[in-house]
Amino acid sequence: QVQLVESGGGLVQPGGSLRLSCKPSGSIFRFFVMSWHRQAPGKQRELVASITSTDNTQYADSVKGRFTISRDNAKITVYLQMNSLKPDDTAVYYCQGSMGPYDYWGQGTQVTVSS
């Protein structure tokens, strides 16, 4: 059974940092486009960042310069380094792996930015 397991969420003060991790269950994910999405209460889910198998990256305008997505194919893990966090970054963050007709999601990890 394919699984994506996120970790690293939590409570952080404005201006702080967190690093999220996403661990897929199979090595085939090194060929997938991996993405982070987030959903805040009462809002639609939005794409935060994505990275291709050749390390091309894309970011939402709201996180450019603050968030960095990366992948370690040896560890089959995808990371989202989040710096200069703002209260508006508060959301459940989801990891997604996609390739062709295949589309897998993790269960989400809560990030709360509050003083």
| request: May I ask you to list the residues in the range 68-105 that are under 14 Å from Arg19 (Cα atoms), in contact (Cβ under 8 Å) with a residue 60 or more places away in the chain and surrounded by fewer than 17 Cβ atoms within 10 Å (Cβ to Cβ)? | output: Gln81, Asn83, Ser84
| message | Report every pair of residues separated by at least 6 positions or lying on different chains whose Cβ atoms are under 6 Å apart, first residue within the range 39-67 and in contact (Cβ under 8 Å) with a residue 24 or more places away in the chain and on the phi < 0 side of the Ramachandran plot, second aliphatic (A, V, I, L, M) and outside any strand (DSSP E or B). | response | Val48/Ala60; Val48/Val63
| task | Tell me, please, whether a residue that is touching a Phe, Trp or Tyr at 6+ places or on another chain (Cβ under 9 Å), assigned to a strand (DSSP E or B), aromatic (Phe, Trp, Tyr) and surrounded by 14 or more Cβ atoms within 10 Å (Cβ to Cβ) can be found in the range 39-61. | result | yes
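Report, by residue number, each residue of the range 46-77 that is among the hydrophobic types (A, V, I, L, M, F, W, C) and at pLDDT below 95. Walk me through it before giving the result.
Narrowing the range 46-77 to residues among the hydrophobic types (A, V, I, L, M, F, W, C): 47-49, 51, 60, 63, 67, 69, 74, 76.
Selection gives Ala74, Ile76.
What number of residues within the range 1-38 are aromatic (Phe, Trp, Tyr) and either closer than 21 Å to Asn83 by Cα or surrounded by fewer than 16 Cβ atoms within 10 Å (Cβ to Cβ) (or both)? Before the answer, list the steps.
Filtering the range 1-38 down to residues aromatic (Phe, Trp, Tyr) leaves 29, 31-32, 36.
This time we only want the ones that are either closer than 21 Å to Asn83 by Cα or surrounded by fewer than 16 Cβ atoms within 10 Å (Cβ to Cβ) (or both), so: 31, 36.
Here the count works out to 2.
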| field | Residues of the range 62-115 classified as in a strand (DSSP E or B) and over 12 Å from the mean Cα position of the chain (by Cα), total | value | 8
| query | Across the range 10-32, what is the total count of residues that are under 18 Å from Val111 (Cα atoms) and either assigned to a helix (DSSP H, G or I) or aliphatic (A, V, I, L, M) (or both)? | reply | 4
| query | Does Ser35 count as in a loop (DSSP other than H, G, I, E, B), within 23 Å of Gln1 (Cα to Cα) and under 16 Å from the mean Cα position of the chain (by Cα)? | reply | no
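The values are calculated or read from the model by the stated rules, or taken from the named source; none is laboratory data. What you are looking at is a predicted structure, and each value in this text was computed from that prediction instead of being measured. In this analysis, Cβ positions are derived from the backbone assuming ideal geometry, glycine residues included, and neighbour counts consider all displayed protein chains.
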